[in-house]
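Beneath this line is the structure, given in structure tokens, with notes to follow.
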Amino acid sequence: MIERSTRPFARYPYVARRFAARLPALRSGIEDRRHAVVVVGGGIVGLATALALAGHGVPSVVVEADDTVCVGSRAICLSRRSLEILTRYGAARKFLATGLPWVGGRSFYRGEEVLHFSMPHDENQRLPPMINIQQYYIEDFLLEAAESSGLVEVRWQSRVSGIHASQSGVRLSIETPVGGYELDAEWAVGCDGARSSVREAAGLRLRGTSYEGRYVIVDLALRSARQTERLAWFDPPSNPGSTILMHRQPDDVWRIDYQLRDDENPETAALPENVIPRVASHLRMIGEREDWSPIWISLYRANALTLETYRAGRLLLAGDAAHLLPIFGVRGANSAFEDADNLAWKLALTVRGAAREGLLDSYSTERVQAARENLRQGMKSTEFMSPPSFGFELMRTAVLGLAAQQSFLRPLINPRQTEPARYADSPLSLGDSATWSAGPAPGAVAIECPVTLCDKEAPRPGHFTELLGPAFTAVCFTESGYAPADLTVLADSTRAAVPLRAVGVATRQPSARVPACGWDHTGRLTALYGAAPGTVYLFRPDGHVLARWHHPAAQAVHLALQRVLGAPPKEDP
Ligand SMILES: Cc1cc2nc3c(=O)[nH]c(=O)nc-3n(C[C@H](O)[C@H](O)[C@H](O)COP(=O)(O)OP(=O)(O)OC[C@H]3O[C@@H](n4cnc5c(N)ncnc54)[C@H](O)[C@@H]3O)c2cc1C
């Protein structure tokens, strides 16, 4: 968590839009309409949740205390999974146009290279494993996409100061510079960050570990031809005893993080007169000769904390309000995207009355499980970056000292970058009842692969995940590309309440008459999914596998959906 941050020292290329406060139509101090969903906080997870809800056709109002998107040193590394989510909601274009893609990195010990790693990447992928992009761009692009959906209203300079939740809804007190008011909603999603007031109103507490070690985070303006990769130096000659991380960002902005020694006073160490010589010494060591200037200097301390549940009745928690993850391994914002993606479809079905409220408990179960895995990995990375005890320090020195010669030690230095969540114990998934030679098991995300997309337009190159929309999708492997008739009928009959699509994947070149399908022109997709004609994978609206069968009847798919939706709500007497 950022503990202290400076005002910017240098001009930086991004100009933040500022937004005025405004009041909605009121009756006796209460907004004159009730909202289905209010999102508290318009940071990454708040805007992503609103965007995803809009993708599922549900309007929301976002209440944000600040007058603009975040500025300062925050997230920069956005994962392939986050980009996939953005792609599904039609919002990835600007991220890809602005962000800097990268696939790996290098670590050095006392000047010697001890690790050169690559993240999973092959010719099947549509998206890079990671891009670097400043958090202000991330929020700005999310905001643009949310606004252009026509279903999201963001209220700036609007601070939630009181929350009263009942069994049937939530009343929020909002303070703005132009007056206060109250607002009613069926559901409130707390996306209000590390000091969440929604979390407090829900009576929930974060639990876990807070680390003592402090990092100085510096963003600086520097022109350099150095490529985009993750660079780490342990005990470098320029700053003996320290650990330094370096990342390129768009617009000739660089991020340098370095660890403070235990005997250093963090407040003094973060003063520009102490930071500048250390950064200068590092830049000299790596051969950077151009002029540079700091933009922001902040102090960071790692937390590894989560709530035990992300739901308290009508209040739901997401992002940093629900869990605080160390920055090492870049899981904070990336897991916030997964929170938003997981929650939005469940909330949309609940708001529409198509699913029982209990579906929202699965949001909590699945995302708490994901946070625990993120914490496990994030803590390992943190303890390697800043050893919390003498024993850890000794172990790290031994590993770093031997890694250049002993390849089996190098995985211990690998930064364990974020990976997509796998909901292995999800109450929603239907476990495999047959054996599979390959393919994503229930709970896992889709495996990417090139396919030929055949629809009304001429066949064109594409990728498997383009067949999955923000809906349940039954992907049916067939020779012809026609989805089986009983599944098409099921999809048509449920569509009004539950968005279900039946999509064929042709294992042979399909005829021009097939209305819309994918063609596995390389045969790789069929192999990657352990599939044969007859195989069906049922994907959830967030792209995770719900169930898979070798030869299902439509009834099996129907029952799998019923398991998600719960028994239909009883009619009022
Ligand atoms: C130095 C640093 C580097 C990082 N690098 C990465 C990285 O590379 N990759 C990664 O995935 N993550 C990274 N993270 C983590 C990432 O920045 C956070 O996890 C992410 O910002 C969380 O988003 P959020 O929307 O949950 O919370 P926030 O970004 O904190 O947003 C919360 C929003 O709620 C608003 N708010 C608060 N209280 C109220 C209220 N009462 N009423 C109305 N609005 C309110 C705030 O103004 C704010 O806009 C990094 C973090 C730091 C500090």
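Helix 272-285 and the long axis of the chain differ in direction by around 80°, with both axes built from C-alpha atoms.
Rounded to the nearest 20 debye, the dipole size of segment 291-407 about its Cα centre is 260 debye, using +1 on the Cβ of Lys and Arg and -1 on the Cβ of Asp and Glu.
Lys/Arg Cβ at +1, Asp/Glu Cβ at -1, dipole of the chain taken about the Cα centre: which of LEU360, LEU500, PRO13 is farthest positive-ward? Looking along the dipole axis, the top candidate is LEU500. Qualifying trypsin sites (Lys or Arg not before Pro) in segment 160-222, where qualification requires a DSSP coil assignment and no more than 10 other C-beta atoms within 10 Å, comprise ARG195, ARG205.
Report the charge-dipole magnitude of the chain in Debye, nearest 20, computed about the Cα centre from +1 at each Lys and Arg Cβ and -1 at each Asp and Glu Cβ.
320 debye
With the charge dipole of segment 148-245 set up from +1 on Lys and Arg Cβ and -1 on Asp and Glu Cβ about the Cα centre, the Cα lying farthest toward the positive end among the listed residues GLY213, TRP187, ASN239 is that of ASN239. Taken about its Cα centre, segment 100-157 carries a charge dipole of about 200 debye when Lys and Arg each add +1 at the Cβ and Asp and Glu each add -1 at the Cβ.
When both segment 311-339 and segment 63-97 are represented by their alpha-carbon centers, they are found 14 Å apart. Loop-located chymotrypsin sites (Phe, Trp or Tyr not before Pro) across segment 203-266 with a Cβ neighbour count of 10 or fewer within 10 Å are lacking, with loop assigned by DSSP.
Counting only alpha carbon atoms, the long axis of helix 44-55 and the longest principal axis of the chain meet at about 20°.
Near PRO388: Cβ cut-off under 15 Å, other residues only, Lys/Arg at +1 and Asp/Glu at -1. The net charge is +1.
Partner aspartates and glutamates whose Cα lies under 17 Å from the Cα of LYS456, excluding those fewer than 8 positions away in the same chain, are identified as GLU466. Toward the positive end of the charge dipole of the chain, with +1 on the Cβ of Lys and Arg and -1 on the Cβ of Asp and Glu, the farthest Cα among THR176, VAL536, SER148 is that of VAL536. Here LYS94 is the anchor, and the aspartates and glutamates within straight C-alpha reach of less than 12 Å, apart from those fewer than 8 places off in the same chain, are GLU139, ASP140, GLU144.
Give me the net charge for the shell around THR350: Cβ to Cβ below 10 angstrom, other residues only, Lys and Arg +1, Asp and Glu -1. Mind showing how you got there, number by number?
Working: positive: LYS346, ARG352, ARG356; negative: GLU186, GLU357.
My count for the surroundings of THR350 gives +1.
Let a ≥ b ≥ c be the square roots of the eigenvalues of the Cα gyration tensor of the chain; is it rounded (a/c under 1.5), or, if not, prolate (a/b larger than b/c) or oblate? Cα axes put the chain in the oblate bin.
Bear in mind these aren't lab numbers, they're just calculated from the coordinates by the rules spelled out. Note that this is a predicted model, so its numbers are computed, not measured. With ideal geometry, Cβ positions are generated from the backbone for all residues, glycine too; neighbour counts draw on all protein chains shown.
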